[in-house]
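What follows draws every value from the coordinates through simple rules; no lab data is involved. Keep in mind it's a predicted model, so treat the numbers as computed, not measured. All Cβ positions, even for glycine, are placed from backbone atoms using ideal geometry, and neighbour counts span all protein chains on display.
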Amino acid sequence: MPQIAFIGECMLELSGAQPGSVFGAAKLGFAGDTLNAATYMARTSRLLDPAQSGTAAYITALGRDAYSNAMIAAWQADGIATDLVRQVDGALPGLYTIQTDATGERSFSYWRDQAAAKQVLAGGHDQTIKNAFARFDGLYLSGISLAILSPADRQNMIRLVAEYANQGGKVYFDTNHRPRLWPDAKTAIEIYQAIAPYCDTVLPTFDDDAALFGDISAQQTGQRWLDAGLREVVVKSGGAPTYWCNRDGQSGFVSPPVITDIVDTTSAGDSFNGAFLAARSHGNSIEDAIAVAQKVAGRVICRHGALVDISDLKFG
């Protein structure tokens, strides 16, 4: 089974237990877009083939504190390789809080300016990562993976990705655009365009790309990425059909199951991406892999939190 390395940031998550109030009892967990995707790749891979393990690895930086150590232990329990997690003396993971109002609407606050993940390429760890790339069949990163880095480290990350791609490795990318992490839209677009030629597959969310690039349809989003050099594009559109296209001129839509009991859309796109990569690695066609990914994402949005149990899901 192919192994994919996921690169990015995982933060501590503090979610309030009492809607409408920012104080009171709260639940402490962890989440992060690329970590979520790695988790759902590992979990979906086991559902598709119980004999499979070790399909995902995570690359980030954390501290040596109790929270960082507990996160690493949890990832290992999920079957995610953690030997490329850099632990930095005196550093801490980032933190974000979730507030839910009386109507169920969620809002987020972040404390990540000094997060350890910003140092993932420091201290010579970039060379360690580069030396380890040969063992991976693919790399996955997102716009957030790039946005949290300094300008110099962004360019270094793009160089690492380019070298990997030029040696035949497959790179998977999700813009997952978060405007607050970028100095301006122009910088984000320049970085996305810089990394695009080295990517094999991109998995954007239409709303994100439409807001940033001005796309008016999923087909336009797909074609724009193909024109940038991609081989395959899968455009997520929430409850609307998922659009896919490739450089061979093939394209289509896959309709998701109807979900009526949505409680939390956190990690919908991340879980889709991880499950999609698991299914593709398992040998599924692109349309079958999208169907698997839609089913996993459909479960996730019917539960609270980014990381939920999917162990009872069945795939036809």
Inset, instruction - Under 18 Å Cα to Cα from LYS314, which lysines show up? Leave out anything in the same chain fewer than 8 places away. - result: LYS295
Inset, instruction - Sort region 7-300 into rounded, prolate or oblate with this rule: let a ≥ b ≥ c be the square roots of the eigenvalues of the Cα gyration tensor; rounded if a/c is under 1.5, and if a/c is not under 1.5, prolate when a/b is larger than b/c, oblate otherwise. - result: rounded
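Which loop-located trypsin sites (Lys or Arg not before Pro) does region 48-153 contain, where loop means any DSSP state but H, G, I, E or B and the Cβ has at most 14 other Cβ atoms within 10 Å? Write down the numbers at each step before the final one.
On the way: sites: ARG64, ARG86, ARG106, ARG112, LYS118, LYS130, ARG135; in loops: ARG64, ARG112.
Taking region 48-153 and a limit of 14 other Cβ atoms within 10 Å, the loop trypsin sites (Lys or Arg not before Pro) found are ARG64.
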Legend entry - Between region 273-316 and region 185-208, the Cα center-to-center distance that results, in Å: 23 Å
Legend entry - Distance-filtered residues of region 33-68 - backbone nitrogen under 16 Å, label point 7 angstrom along ARG112 Cα→Cβ: 33-38, 59-63
Legend entry - Gaussian network model of the chain, Cα within-10 Å springs - most flexible of ASP270, ASP65, ASP174: ASP65
Inset, instruction - State the extension gain, in nm to one decimal, for the chain segment bounded by THR260 and LYS314, taking 0.36 nm per residue of separation less the distance between their alpha-carbons. - result: 17.5 nm
Inset, instruction - Grab the beta carbon distance between GLN167 and THR128, set R0 = 22 Å, and tell me the FRET efficiency rounded to 0.05. - result: 0.85
Inset, instruction - Sort region 109-238 into rounded, prolate or oblate with this rule: let a ≥ b ≥ c be the square roots of the eigenvalues of the Cα gyration tensor; rounded if a/c is under 1.5, and if a/c is not under 1.5, prolate when a/b is larger than b/c, oblate otherwise. - result: oblate
Inset, instruction - Using only Cα atoms, locate the centre of region 20-63 and the centre of region 122-155, then give the distance between them in Å, rounded to an integer. - result: 19 Å
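Going by a ≥ b ≥ c, the root eigenvalues of the Cα gyration tensor, does region 89-171 fall in the rounded group (a/c under 1.5), the prolate group (a/b larger than b/c) or the oblate group? Spell out each step's value before the answer.
Working: a/c = 2.88, a/b = 1.84, b/c = 1.56.
It is prolate, given that a/c is not under 1.5 and a/b is the larger ratio.
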Legend entry - Helix-only CD estimate at 222 nm, as mean residue ellipticity for the chain, using -39500 (n - 2.57) per DSSP H run (n ≥ 4): -11000 deg cm²/dmol
